[in-house]
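Right, one structure below, let's go through it.
The values are calculated or read from the model by the stated rules, or taken from the named source; none is laboratory data. Every value quoted in this text rests on a predicted model; they were computed, and no experiment measured them. Note that we place each Cβ from the backbone using ideal geometry, even for glycine, and neighbour counts take in every protein chain shown. Remember, those area values only see protein heavy atoms, side chains included, never the ligands or the DNA or RNA. Shrake-Rupley method; radii C 1.70, N 1.55, O 1.52, S 1.80 Å.
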Amino acid sequence: MSVVKYAAIAGALLASVRLSAAEPAWPDALDIDFNYRNSALSGDTRRWDIRLGLGVEQEPTFQGSDKSETEADIFLVAAYRGDFGNVFFTGEGLGYSRLVTPSFGIQLNLEAEDTREVEDDSRLEGLGNQDEETELEIIGRYFAGPWQFGGSVALATGDKGVVWFVGGGYTARLANDRLFVNISADVSGSDETNQQTDFGITAEQAANSTFGYPEYSPGGGLKSYGLGMNADYQLTDRWFLYGELDYERLLGDVADSPLVAMGGSETNIEAGIGFYYRF
């Protein structure tokens, strides 16, 4: 599907949300994670929030790849809402969120960074596996009714460097509060260390590459812009259906990387769908 078609779909969804959605009672409707799907009912005061499910997801074999792989995805959330804020664990890692004022919130995420492995794609042979690293993401968001605006910076150990995001989104509840929809857009950038790790080719890697990648050293700067949508639908009191779609367009030195230019793709699309049970 072309970029124009994805943009048209996102625009149509956003327009339908604007026309048909009753404005949520933010921030009372805030859930455990500002980035996460908010399938809890507005005003839910339960201390514990535990969700477990299973789905399938499709994602590129590596950043900049034109091939995708499909695999099972375990859906997991375990959170505690306290007077001090919200502490949560997901399949991605640990997190903490808190409203500092009625319209401004902060969030911290500590998680393992995604790594690239040679067995993911035959074109990676000779480049070697990436080391596993830990990342701390610091997020700040301003809420204005159903709208959200903010940014984040992610600091990683080892040679994963620094990544930042700036963006916003629109959140709505439909179908008598049984359907939650979030549409978002962002721009990201990263430092030279991050881009070299994910998109650069060292002299040693170029010599060992079976695909013939030349040496390449990106300089940092803008990395991508993206559009995203996720939705949860409450099937019963406990069962939910979820779906997500993320589009990313690579920019600058990242888009010029041999990993992208030599048969890869400047467009990365990830999608997922599944069910979960809320205890």
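Some points to look at:
- Of the listed requirements (1) closer than 25 Å to Ser122 by Cα; (2) buried (at least 16 other Cβ atoms within 10 Å of the Cβ); (3) modelled with pLDDT of 95 or more, Asp256 misses just one: (2).
- Among residues of region 38-62 that are modelled with pLDDT under 90, those with a beta-carbon under 7 Å from a residue that is open to solvent by 40 Å² or more (accessible area, probe 1.4 Å) and of a type in the set (A, V, I, L, M, F, W, C) at least six positions away or on a different chain give the pairs Ser42/Ala25; Ile50/Phe279.
- Region 91-116 residues that are hydroxyl-bearing (Ser, Thr, Tyr), paired with ones that are open to solvent by 60 Å² or more (accessible area, probe 1.4 Å) (beta carbon under 8 Å, 6 or more apart): Tyr96/Val87; Tyr96/Leu108; Ser97/Ile106; Ser97/Leu108; Ser103/Tyr142; Thr115/Asn129; Thr115/Asp131; Thr115/Glu132
- Single match in Tyr213, Tyr225 (criterion: within 24 Å of Asp114 (Cα to Cα) and open to solvent by less than 30 Å² (accessible area, probe 1.4 Å)): Tyr213
- Elements of type strands (runs of 3 or more DSSP E) in region 69-154, at least 3 residues being at pLDDT below 85: 85-90, 93-101
- The set of residues in region 90-148 that are over 28 Å from Asn182 (Cβ atoms), open to solvent by 50 Å² or more (accessible area, probe 1.4 Å) and in contact with a strand residue (DSSP E or B) (Cβ under 8 Å, 6 or more places away or on another chain) contains only Glu132.
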